[in-house]
Amino acid sequence: AIIFTYLGILKKKNPEKYKGLKERSKKLTINNININFNAPRRGSKFMIKPIMKDVLFLAQKSEPATAKDKNIAIDLLDTLQANADRCVGMAANMIGERKRIIVFNLGKTNVVMFNPVIVKKDKPYETEEGCLSLIGERACTRYENIEVEYQDMKMRKQRSKFSGFTAQIIQHECDHLE
């Protein structure tokens, strides 16, 4: 894993040492991965994990997530942000963790769901989807509207409705968990 530290935080911790340095950009590109330092962060470290491509690992069922797995969720958020130009959602198995955690982009924010379960769905349609972990596209059935029970980052139970493309992303990521 690579740890990225934001210069502004370093300056606050030791202003004399970094006095002459100026922030030129709030973005950094390393190995074609764009890092956006404007993204909401807890602390100053980014943990970007490699994308799992092993189909045997990806086919394994994920285990329930607990509060002890919050760092996995944070790593998922960092990895999603790093791949934002080609990815709108991720499941924990995509970074080598067999836990029931997904993250997805919802406009200007990224959402984390622990132990998501789709409890209602309607209006099926056929589509094709690609995946960061797999080569090519696959035909699948998705639903226009879904309702999901999950736990948030504070492990509080939630129940939310989603439709359209966001519903499709959540369904795709939940498939990774099974």
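A few comments on the model shown:
- Summing Lys and Arg as +1 and Asp and Glu as -1 over all other residues whose Cβ lies under 13 Å from the Cβ of ARG98 gives a net charge of -2.
- Rh (Kirkwood; distinct C-alpha pairs) - the stretch 66-178, Å: 14.2
- Note on the stretch 108-178: with neighbouring protein chains present and a 1.4 Å probe, carbon and sulfur make up 50 percent of its accessible heavy-atom surface.
- Under 12 Å, Cβ to Cβ, from ASP122 - net charge with Lys/Arg +1 and Asp/Glu -1: +3
- Of all aspartates and glutamates in the structure, those lying under 19 Å Cα to Cα from LYS154, and not within fewer than 8 positions of it along the same chain, are GLU63, ASP69, ASP75, ASP78.
- Total formal charge among the other residues, if their Cβ is under 13 angstrom from that of THR141, Lys/Arg +1 and Asp/Glu -1: -2
- When only the Cβ of Lys, Arg, Asp and Glu is charged (+1, +1, -1, -1), the dipole of the stretch 79-144 relative to its Cα centre reaches about 320 debye.
- Our note on the geometry: Cα centres of the stretch 57-91 and the stretch 112-178, 14 Å apart.
The values are calculated or read from the model by the stated rules, or taken from the named source; none is laboratory data. Computed from a predicted model, the values in this text were never measured in an experiment. In this analysis, Cβ positions are derived from the backbone assuming ideal geometry, glycine residues included, and neighbour counts consider all displayed protein chains. Note: areas computed on protein heavy atoms with side chains; ligands, DNA, RNA excluded. Shrake-Rupley method; radii C 1.70, N 1.55, O 1.52, S 1.80 Å.
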